[in-house]
Amino acid sequence: MQDKVLILHGWGGSDAPHWQAELAAEIAKNYGTVAFPLLDNCHFPSKNRWMRQVKTLLEEFKPDTVVCHSLANTLWFWLCQEEMPTVERLFMVSPPSLSTTESTIKTFFPCELPQNIYAKEIQMIISDNDPWVKKQEAKEIASHYDIPLTIIENAGHINADSGYGKWELIEQLVLEKS
């Protein structure tokens, strides 16, 4: 049986040519089961609205794998502050600093690390020059949960603006078991 993959974008969305849109297309073209929703008002997001929307997705779609980019990682941490279903795999790409001060997304911060991250297998991927998080903070988060951390050199925020459209690494990681 194939995995059900839920892809959650960050602030502003992840439409083509972003790697998340490419990943969703790759899963779908192989008849995989994928949900890649546009979260409410993505350019001016509200933590509470996004949480309600994703809770409904988790209940109705029941994903096995969740792929978060940027602000979606912070959203996942907030969701984990409450009891929720455990997923098989969680991919955390480019999580922003837990103390981000950007006014447009202020409802998400500061954010504490939850006790339980509600995933059996977790992988974090960051860039060594991401403008939204320092490498040291990402290492501390990965260490806190004892999860593998992949650090890519000079990849910026690992988004379309830094050249991450089709991204073979994430496709291999997600599709290897789905």
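Identify, by number, the condition in (1) in contact (Cβ under 8 Å) with a residue 24 or more places away in the chain; (2) on the phi < 0 side of the Ramachandran plot; (3) buried (at least 18 other Cβ atoms within 10 Å of the Cβ) that Ala142 doesn't meet.
For Ala142, the failing item is (1).
Mind listing whichever residues of the stretch 41-65 are in contact with a Lys or Arg (Cβ under 8 Å, 6 or more places away or on another chain) and surrounded by 13 or more Cβ atoms within 10 Å (Cβ to Cβ)?
Selection gives Phe61, Pro63, Asp64, Thr65.
Answer yes or no as to whether Thr33 is under 14 Å from the mean Cα position of the chain (by Cα) and more than 13 Å from Ile105 (Cβ to Cβ).
no
Consider Trp19 carefully, then state whether it is under 23 Å from Phe108 (Cα atoms), touching a residue at least 24 places away in the same chain (Cβ under 8 Å) and of a type outside the set (A, V, I, L, M).
Answer is no for this residue.
Give the stretch 28-62 a look and list any residue that's of a type in the set (S, T, N, Q), modelled with pLDDT of 95 or more and either within 20 Å of Ser97 (Cβ to Cβ) or outside any helix (DSSP H, G or I) (or both), or say none.
Thr33, Asn41, Ser46, listed by residue number.
Can you tell me which residue among Glu102, Glu153, Glu137 is in contact with an Asp or Glu (Cβ under 9 Å, 6 or more places away or on another chain), of a type in the set (D, E, K, R) and at pLDDT 95 or above?
Testing whether each residue is in contact with an Asp or Glu (Cβ under 9 Å, 6 or more places away or on another chain), of a type in the set (D, E, K, R) and at pLDDT 95 or above leaves just Glu153.
Looking only at the stretch 121-178, which residues are of a type in the set (Asp, Glu) and under 16 Å from Asn73 (Cα atoms)?
Glu121, Asp130, Glu137, Glu140
If you go through the stretch 68-89 one residue at a time, do you hit one that is under 28 Å from Gln136 (Cα atoms), in contact with a Ser or Thr (Cβ under 6 Å, 6 or more places away or on another chain) and among the hydroxyl-bearing types (Ser, Thr, Tyr)?
Yes - at least one qualifying residue is present in the stretch 68-89.
On the basis of being surrounded by 17 or more Cβ atoms within 10 Å (Cβ to Cβ), assigned to a loop (DSSP other than H, G, I, E, B), of a type in the set (A, V, I, L, M, F, W, C) and under 16 Å from the mean Cα position of the chain (by Cα), does Leu6 make the cut?
no
Working only within the stretch 125-152, note down all residues that are hydroxyl-bearing (Ser, Thr, Tyr) and within 12 Å of Val93 (Cα to Cα).
Of everything in the stretch 125-152, those that are hydroxyl-bearing (Ser, Thr, Tyr) and within 12 Å of Val93 (Cα to Cα) turn out to be Ser127, Thr150.
Just to be sure, is Ile170 among the β-branched types (Val, Ile, Thr), part of a helix (DSSP H, G or I) and more than 25 Å from Asp3 (Cα to Cα)?
Considered against the rule, which asks whether it is among the β-branched types (Val, Ile, Thr), part of a helix (DSSP H, G or I) and more than 25 Å from Asp3 (Cα to Cα), Ile170 comes out as no.
With the checklist (1) within 24 Å of Gly163 (Cβ to Cβ); (2) among the hydrophobic types (A, V, I, L, M, F, W, C); (3) out of contact with any helix residue (DSSP H, G or I) (no Cβ under 9 Å at 6 or more places or on another chain); (4) touching a residue at least 24 places away in the same chain (Cβ under 8 Å) in hand, flag the one item Leu57 doesn't pass.
Going through (1) within 24 Å of Gly163 (Cβ to Cβ); (2) among the hydrophobic types (A, V, I, L, M, F, W, C); (3) out of contact with any helix residue (DSSP H, G or I) (no Cβ under 9 Å at 6 or more places or on another chain); (4) touching a residue at least 24 places away in the same chain (Cβ under 8 Å) one by one, Leu57 breaks only (1).
The values are calculated or read from the model by the stated rules, or taken from the named source; none is laboratory data. This one's a predicted model, so the numbers in the text were calculated from it and none came from an experiment. Don't worry about glycine lacking a Cβ; one is built from the backbone with ideal geometry, like all the others, and counts go over all protein chains shown.
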